[in-house]
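Chemist: Here it is, the structure, as structure tokens.
A short reminder: the numbers here are calculations on the coordinates, not readings from a lab. Small disclaimer: the values here were computed from a predicted structure and weren't measured. Positions of Cβ are generated from backbone atoms using ideal geometry, with glycine treated the same way; all protein chains shown enter the neighbour counts.
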Amino acid sequence: MQVGFKSDKGLRRSNNEDACFVLLPDKVYVVADGVGGGNAGEIASRTAVSEIANYILEHPIANTTNKYAVVNYLQSCLDEANSKIFRMANTYEENTGMATTVVIVYVAFGKVFITNVGDSRAYLYRKGQLVQLTEDHTYVNTLVKAGVLSKEQAEFDDRKNVITKALGAEPTVEPDFFQLEIMKDDIFIICTDGLYDEVEDQEIIKVLSNKQPMTDVCSELIDRANKNGGRDNITVISLKVTEEDIHEQ
């Protein structure tokens with residue numbers, strides 16, 4: 001797996017409430033975007049990635065033997081992180097209301113496994129096409145699914161960043177799960193809304209089609225987000241599938 005990752009506070013924010021974590025030996029990749037007043041969002045996102053990393057260190061994900069075991073594992077992992085953030089939010093007044101989005105990507109058995117809560121996203125770039133794999137847990141996306149808003153209207157709706165699910169917001173968490181077979185040269189982009197709110201799909205495709213190292217992909221995407229406004233923190237992990245990844249068990 002070829003890997004790149006980068007996080008930037010953008011041009012308008014004084015601090016970075018995003019967090020990311022890359023566990024290279026485990027092929028686990030995590031992105032989080034915190035919400036909450038003061039430093040609470042930053043605390044929430046960093047707590048999420050550290051709790052997930054600690055869970056994986058204490059309970060090796062390599063011990064999962066099939067896709068069902070992976071789903072159960074990721075649910076347990078998020079349950080632990082959710083409980084910790086929820087407890088912190090309800091113990092310390094300065095953390096009241098804090099929560100975070102999260103996306104976890106895991107590559108094994110010739111597949112990619114993805115789980116998400118909130119509106120941070122995972123995309124697949126394959127053969128010149130960019131597809132959003134995750135579904136945003138937002139109020140506006142709920143309206144789109146119900147047929148109340150069109151996708152075009154949703155783009156300009158003031159409520160598009162109002163999330164309906166977040167890690168730590170409730171005592172329990174119900175993430176979405178996705179999986180698909182990987183192919184050589186697939187590129188996965190895991191990112192916060194600071195990227196896709198500023199950089200349109202066609203612009204992302206243009207960057208990915210240049211066949212540059214994954215580290216350079218992350219840097220260029222963040223540069224473009226900042227050039228287009230940089231109104232939020234921006235975090236990107238990019239992963240390119242190699243032949244070895246497909247045949248590893």
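Chemist: Only counting other Cβ atoms within 10 Å, I'd like Thr91, Thr242, Thr100 sorted with the fewest neighbours first. Walk me through the intermediate numbers first.
Modeler: Details: Thr91 9, Thr242 14, Thr100 33.
Exposure proxy ranking, most exposed first: Thr91, Thr242, Thr100.
Chemist: Full-extension gain between Glu248 and Glu203, please, as 0.36 nm times their residue separation minus the C-alpha to C-alpha distance.
Modeler: Result for the pair: 12.9 nm of gain on full extension.
Chemist: As a test of understanding, state the convex hull volume per residue of the range 102-156 from its alpha carbons, in Å³.
Modeler: Spelled out: Cα convex hull of the range 102-156, divided by residues, is 101 Å³.
Chemist: Something else: Counting helices only, and only those DSSP H runs with n ≥ 4, report the 222 nm mean residue ellipticity of the chain as the sum of -39,500 (n - 2.57) divided by its residues, in deg cm²/dmol to the nearest 500.
Modeler: Mean residue ellipticity, 222 nm, calculated: -10000 deg cm²/dmol.
Chemist: For the range 1-132, what is the number of Lys pairs with C-alpha distance below 21 angstrom, counting only pairs 8 or more positions apart or on separate chains?
Modeler: Details: Lys6/Lys27; Lys27/Lys67; Lys27/Lys111; Lys67/Lys111; Lys111/Lys127.
Lysine pairs meeting the criterion: 5.
Chemist: Ok, one more. Run the quick spin-label model on Leu23 and Thr164: label points 7 Å from Cα toward the beta carbon, then report their separation in nm to one decimal.
Modeler: Computed distance between label sites Leu23 and Thr164 equals 3.0 nm.
Chemist: Separate question: How much FRET efficiency would the formula 1/(1 + (r/R0)^6) give for Glu181 and Leu11, where r is the Cβ-Cβ distance and R0 is 45 Å, rounded to 0.05? Spell out each step's value before the answer.
Modeler: Numbers: r = 39 Å, r/R0 = 0.87.
My answer for the efficiency is 0.70.
Chemist: In a solvent-free Debye calculation with one equal scatterer on each Cα, what is log10 I(q)/I(0) for the chain at q = 0.07, 0.10, 0.16 Å⁻¹, listed in the order of the q values?
Modeler: -0.21, -0.45, -1.21
Chemist: Another question, if that's okay. What ranking of Cys20, Cys191 emerges when the number of other C-beta atoms within 10 Å of each C-beta is taken as an exposure proxy, fewest first?
Modeler: Details: Cys20 23, Cys191 27.
Final ranking by Cβ density, sparse to dense: Cys20, Cys191.
Chemist: Tabulate in residue order the Karplus-calculated ³J(HN,Hα) for the range 181-198, using 6.51 cos²θ - 1.76 cosθ + 1.60 with θ = phi - 60°, rounded to whole Hz; enter x for Gly and Pro.
Modeler: Working through the residues one at a time gives 5, 8, 10, 4, 6, 4, 10, 9, 10, 10, 8, 8, 5, x, 7, 6, 6, 10 Hz.
Chemist: Sticking with this structure for a sec: Taking every pair of alpha-carbon atoms in the range 117-249, give the share separated by more than 17 Å as a whole percent. Mind dumping the intermediate values first?
Modeler: Values: 5565 of 8778 pairs.
Result for the distance tail: 63 percent.
Chemist: Taking neighbour Cβ counts within 10 Å as the exposure measure, how do His137, His247 sort from fewest upward?
Modeler: Least to most surrounded, the residues fall as His247, His137.
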